[in-house]
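Single-structure report; data block below.
The values are calculated or read from the model by the stated rules, or taken from the named source; none is laboratory data. This is a predicted model, so every value here is computed, not measured. Cβ placement follows ideal geometry from the backbone for every residue including glycine, while neighbour counts extend to all protein chains displayed.
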């Protein structure tokens, strides 16, 4: 039957045996609302962490959270049946507190690792490909490859496995 939406913590231990339990900070029991929030949403946060881990395991070592974020934005647009260009990716990526683009000014460098590996992009993971926009040849559309779709499906399964969505 599964856990209620955003429900209590997962049944298995969230922490690997290598993490000393003494290092885990307990939530002040006086702050019951805060404690209840974390208790009720522990599974959600764990699933989110697991999805980031899954992405991180497959990206090259020097990849950033911004590149994972760019991938998830491309997945979201493709899943909604929308086209997305590099310019639009930077726009929906938003601006940080400093007013700078979250995905950076050199947007192509941000999503380049998501493209197929090549002589000029040896670290490419092959989750995204570009296709010329027929309505405006100056733009390239960012689309998921079959491998990108498989990765998106794996992330969806992680997030939905305990009813986090």
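To keep it simple, each residue is scored yes or no on (1) surrounded by 11 or more Cβ atoms within 10 Å (Cβ to Cβ); (2) at negative phi; (3) in contact with a strand residue (DSSP E or B) (Cβ under 6 Å, 6 or more places away or on another chain).
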| site | (1), (2), (3) |
| --- | --- |
| 109 | yes, yes, no |
| 116 | yes, yes, no |
| 119 | no, yes, no |
| 128 | yes, yes, yes |
| 138 | no, yes, no |
| 150 | yes, yes, no |
Next on the checklist: Condition first: over 9 Å from the mean Cα position of the chain (by Cα) and surrounded by 14 or more Cβ atoms within 10 Å (Cβ to Cβ). Now tell me which residues in segment 40-53 satisfy that.
Outcome noted: 40, 41, 42, 43, 44, 46, 47, 50
Checklist entry - If you take the residues in segment 81-98 that are within 20 Å of residue 146 (Cα to Cα) and free of Cβ contacts under 8 Å to residues at least 24 places away in the same chain, which one is surrounded by the most Cβ atoms within 10 Å (Cβ to Cβ)? => result 82
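Looking at segment 57-80, can you tell me whether even one residue there is assigned to a loop (DSSP other than H, G, I, E, B) and surrounded by 20 or more Cβ atoms within 10 Å (Cβ to Cβ)?
In the first step, residues of segment 57-80 are kept if they are assigned to a loop (DSSP other than H, G, I, E, B); the result is 59-64, 80.
Retained after the next criterion (residues that are surrounded by 20 or more Cβ atoms within 10 Å (Cβ to Cβ)): none.
No, that holds for no residue.
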Next on the checklist: Yes or no: segment 35-48 includes at least one residue that is in contact (Cβ under 8 Å) with a residue 40 or more places away in the chain, within 20 Å of residue 149 (Cα to Cα) and in a helix (DSSP H, G or I).
Outcome noted: yes
Next on the checklist: With the requirement that a residue be modelled with pLDDT of 90 or more and touching a helix residue (DSSP H, G or I) at 6+ places or on another chain (Cβ under 8 Å), what does segment 150-165 give you?
Outcome noted: 151, 152, 154, 155
Next on the checklist: Suppose the filter is assigned to a loop (DSSP other than H, G, I, E, B) and under 13 Å from the mean Cα position of the chain (by Cα); does residue 118 pass it?
Outcome noted: no
Item to check | Given (1) at pLDDT 60 or above; (2) surrounded by 11 or more Cβ atoms within 10 Å (Cβ to Cβ); (3) over 26 Å from the mean Cα position of the chain (by Cα), number of the condition residue 27 does not satisfy | outcome: (1)
Item to check | Condition broken by residue 124, with the remaining ones in (1) in contact with a helix residue (DSSP H, G or I) (Cβ under 9 Å, 6 or more places away or on another chain); (2) part of a loop (DSSP other than H, G, I, E, B); (3) at pLDDT below 90; (4) within 26 Å of residue 156 (Cα to Cα) satisfied | outcome: (3)
